[in-house]
Amino acid sequence: MTTSEDLPVALGQQVLDRLLRTYVTAGAGQFALAVLPGQAVDDDMVQNGVVNPLVVSEWLRTDYDFPLLLRLSDCTPIPAALGTGISASSIYSLIAQYGRPAAAPDTDSGVRVRDLFNRAKQDLGPNPAALPLGLEPDDWAAPSGAVHWQTFDTTVTASAPAEAAPLPDVNPALWRLRSEHGTQDVPDTPRSTLLRLDADRTDVLRTAVAEGKADMLAPSEVVSAREHAALTRPAARLLTCLRPIDTTEPHDAADPTAEASVTGTPTDDGSLHVHFAHSLVRMVRRHAGIPWWHPEMIAEPSWYLPGMRRGQLVPAPPEDGTAHCLPQALLLVRDVRITGNWTDQAQAALGGAAPAFGPFLLRSGAVPSGDARTTTVLGLGTQVIGILGTPMPALPPMDDPGRPPPPAYVPFPGAAWFKTAPKSPVVHAMGRRLVEENCSAYREAPGPQWTQADRDSFAKWQRKLGYRGTDADGIPGPASWKALRVPSGA
């Protein structure tokens, strides 16, 4: 039997089950569904009753053109930046322009891969730095568009027998009633700025690849701008309420901006009525009617990029049951209506600046629904609440055969990199070395996320080396880092 505390999760399970049955064919391993906190579709998508393709392309490029690290067991996106922090379009453009066949040019394999790259390079068109993205049907956001909407309408009660949970199970950190106070006061970075950041990072990487020196880039040269942008991109900011992949690490699983959150049942009578319409719109990657993205090139395993190691653009999944997924379609909802006899705690959350229930963004406040004690909360227009993606392989799929062997120890990443609170295997390896040197300030085992414990531990190491004052502030410097000898590939 469903308990009152399980009510939001039971609702989430029914919603997820319906979405999986509708959009992900059983046994079709080429697609994965990511359910994420909703993002309202901007009003400027439609101008004079017509969808503006340039606005749509910019919106997709800034918010939905990054491979998602996805936990397949519960459809949860895992907040994580790729090693290079550039968009999927920029990754593809670099591969098409600079990819090299691994086989000799006069072999069948070499000729086949060379032809793949030549075709891909030709189809990039005149401006590879601004590859267009779109959605089909192309009038998806217009009031009279051709999108086919399906209806979800159900009542969930605490007294109903609990059904056998379908797989995957939902993430309870997402399926709750919350009020994200303050999120509307944080201005989103303008799209033009985000696009410029992506272009700048891509230029840094393109120059390094062209010179065969991509493996010599310090992480801070490419990643730091991406990490800064992630704080102000609406989709990325909202992902803070989702669980990290490693649940053994100390963390706050809840959204830090959620000041009013309902942890138990949100209604007095233990029931909820939920209604919404849902549809799927497909992402298209083409210009002038010609597809510029060729999946067969991405799937080809026998090529490399000059100076790069395997997985430097898109790493291999960090563990079983996860995958980096390329967004292929957006899951839209509209006409959201959630009706219940809300508790006082729920009423407070619903009256907040930015209330949300599960992935659904809600309008602040509620409206009467017949019974004076029962009210309905309306959704915030048309929203994106999910992404359908396809798993990506590690890119590039192999090391540059001409690369020198990796150094025995990790080169100094730069002091600025540590000030961005990075999450990296380098931080994990550093922490293990500090423990070995009896310079640990960790209460738990060190992990890949840079924390105050890492800084305190490194300060101990600096003092052990004889540094004092500001020279022992816990931020690694070139000499203290070299002395620690953090092993490469640990």
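Throughout, read-outs are computed from the coordinates displayed, never taken from laboratory work. These numbers were taken from a predicted model, which means no experiment stands behind them. So basically every Cβ, Gly included, is an ideal-geometry build from the backbone, and we count neighbours across all protein chains shown.
Distance between the pseudo-spin-label points of ARG403 and ALA130 (7 Å out from Cα toward the beta carbon): 3.3 nm. Converting phi to 3J(HN,Hα) with the Karplus coefficients 6.51, -1.76 and 1.60 and the offset θ = phi - 60°, the stretch 328-338 yields 10, 7, 10, 8, 9, 10, 8, 6, 6, 9, 10 Hz in sequence order, with x at every glycine or proline. If you plug the beta carbon distance of ASP44 and SER488 into 1/(1 + (r/R0)^6) with R0 = 56 Å, you get a FRET efficiency near 0.75. Quick one: net charge of LEU124's neighbours, Cβ under 14 Å, K/R +1, D/E -1? After counting each charged neighbour, the total is +4. In sequence order, what are the phi-derived ³J(HN,Hα) couplings for the stretch 386-398 according to the Karplus relation 6.51 cos²θ - 1.76 cosθ + 1.60 with θ = phi - 60°, rounded to whole Hz, with x for glycine and proline? Here the 3J(HN,Hα) series is x, 9, 9, x, 10, x, 10, x, 5, 10, x, x, 8 Hz.
Among the chymotrypsin sites (Phe, Trp or Tyr not before Pro) in the stretch 406-488, those located in a DSSP loop and surrounded by at most 16 other Cβ atoms within 10 Å of their own Cβ are TYR442, TYR467.
Per the Debye formula on identical point scatterers at the alpha carbon atoms of the stretch 415-484, with no solvent, log10 I(q)/I(0) at q = 0.14, 0.25, 0.29 Å⁻¹ is -0.34, -1.17, -1.55.
Rounded to the nearest 20 debye, the dipole magnitude of the stretch 415-484 is 60 debye, with +1 charges on Lys and Arg beta carbons, -1 on Asp and Glu beta carbons, and the Cα centre as origin. In terms of surrounding Cβ atoms within a 10 Å radius of their Cβ, GLU58, GLU319 rank from fewest to most as GLU319, GLU58.
For trypsin sites (Lys or Arg not before Pro), the sites in the stretch 383-490 that DSSP calls loop and that have at most 13 other Cβ atoms within 10 Å are LYS419, ARG443, ARG468, ARG485.
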